[in-house]
Amino acid sequence: MTTLKDVAKLANVDVSTVSRALNNSGYVHPQTKKRIMDAVEELSYKPNLLIKGVKKGKRKNICVMIPSLFLSMFGELVQLIEEKARDYEYEIVIINTNDDPDVEEISLKKVRDSYTDGLLIVSTGQNKRLIRDINSSDLPVVQLVRNQTDHLSSVDVNYFNCAHEGVHFLRRCGCERIALINGIMEIRPFAERYRGYLKAISELGQDDLSINNDYYNMDFFKTGYNKFKELDDQYGNIDGILTANDLQAMGVLRAAKDLGYIIPEDLKIISLAGHSMGELLETKITSMEMPLDLIANKSVELLINKINSKSDYSQVEHVTFNTSLNIRETI
């Protein structure tokens, strides 16, 4: 009977390297892994099903790792991904990290050791090395919504333009003091939105009235509520505001009404990451809509192509979509 030692000898590697390669339990250089897989096939070490599963991605499932499902665009996005994956006869496994880097790290290690064919991830940005190692070990990765590293393929949105255009639209609506409630700056979309905001207010000769999170926090409604009150206390007379997403905008709406603002006469609000929920509220939120259907379709297409390809997974492709303004009752 063929043993791991026989495979290791033929591939000219250690037994531990063969074990890591077969179990996706650690980094193995792609060329080394190819030698191991060739040796496995030549020696018939594993059943064909396992070989095909490890090497060719025949388990027909992909993992989708997201920061939240609760009242966020990610729930809608996951549904669209699932529908698209079915077109390829794939099923999805959903992991919710709550945007916690530690939870994300634990989950990534479990995914690395599991029998899944690929990973779509909305990353915190704090586990880049681990994600790159996973991508290099025959488990392809595509970044979703957040392009946290240029070394991996991604499907995202032009967040800089989104905020830049949002500021100028508010000015055209008559706003003179435009604020921004953002997220944690370690996450690239929030950093890019801030850059776009700064560029626009500089062009308009306005002061920076922005406020950011300084820690990971998925309670966006509470953040929007509390941060708007902070802005009002610190600056006052804010007549236009951009929020990172619809939940933040909902928090701003509640806080503004509690403070006596009339919407939209006294305060105009734009969410920079709008989705269908904004249409369902009592006061419908104006937003820069993200093309979730295009994002879902393209990300699944990219990942399935990587799974089916025999090429090196280190080859990257970046796809960036634009947002579109949907004017509702907060303007």
Task: Stokes-Einstein D (µm²/s) once Rh is taken as the Kirkwood radius of the chain over alpha-carbon pairs, at 20 °C in 1.002 mPa s - done: 100 µm²/s
Open item on the list: Quick check on my link table: of Lys34/Lys306; Lys84/Lys128; Lys227/Lys257; Lys110/Lys222; Lys199/Lys284; Lys128/Lys306, which ones sit more than 22 Å apart, alpha carbon to alpha carbon?
Closed with: Lys84/Lys128; Lys110/Lys222; Lys199/Lys284
- [ ] Be a star and scan the stretch 68-92 for residues whose amide nitrogen sits under 14 Å from the point 7 Å along the Cα-to-Cβ vector of Lys60.
- [x] 85-92
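Mind checking the full-extension length gain between Arg172 and Arg86? Use 0.36 nm per residue of separation minus the Cα-Cα distance, one decimal, nm.
26.6 nm
Accessible area of the chain with a 1.4 Å probe: how many percent of it is carbon plus sulfur? Before the final figure, lay out the partial values.
Values: 6880 of 14750 Å².
The computed percentage sits at 47.
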TODO: Mind checking which of Ala249, Ile285, Ser137 is farthest towards the positive end of the chain's charge dipole, using Cβ charges of +1 (Lys, Arg) and -1 (Asp, Glu) about the Cα centre?
DONE: Ser137
- [ ] Go ahead and estimate [θ] at 222 nm for the chain from helices alone: -39,500 (n - 2.57) per DSSP H run with n ≥ 4, summed, over the residue count, rounded to 500.
- [x] -14500 deg cm²/dmol
Task: Pairwise label distance in nanometres, Lys284 with Ile94, each label 7 Å out on the Cα-Cβ vector - done: 2.6 nm
Task: Cα Rg, Dmax, the stretch 167-252, angstrom units - done: 12.1, 34
- [ ] Using the heavy atoms of the protein chains and a 1.4 angstrom probe, tell me the accessible area per residue for the chain in square angstrom.
- [x] 45 Å²
Task: Rounded to 10°, Cα long-axis angle of helix 188-204 versus longest principal axis of the chain - done: 30 degrees
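The values are calculated or read from the model by the stated rules, or taken from the named source; none is laboratory data. Please read all numbers here as calculations on a predicted model, not as lab measurements. Virtual Cβ from ideal backbone geometry, glycine too; neighbours counted across all protein chains shown. Surface accessibility is based on the protein's heavy atoms, side chains included, excluding ligands, DNA and RNA. Shrake-Rupley method; radii C 1.70, N 1.55, O 1.52, S 1.80 Å.
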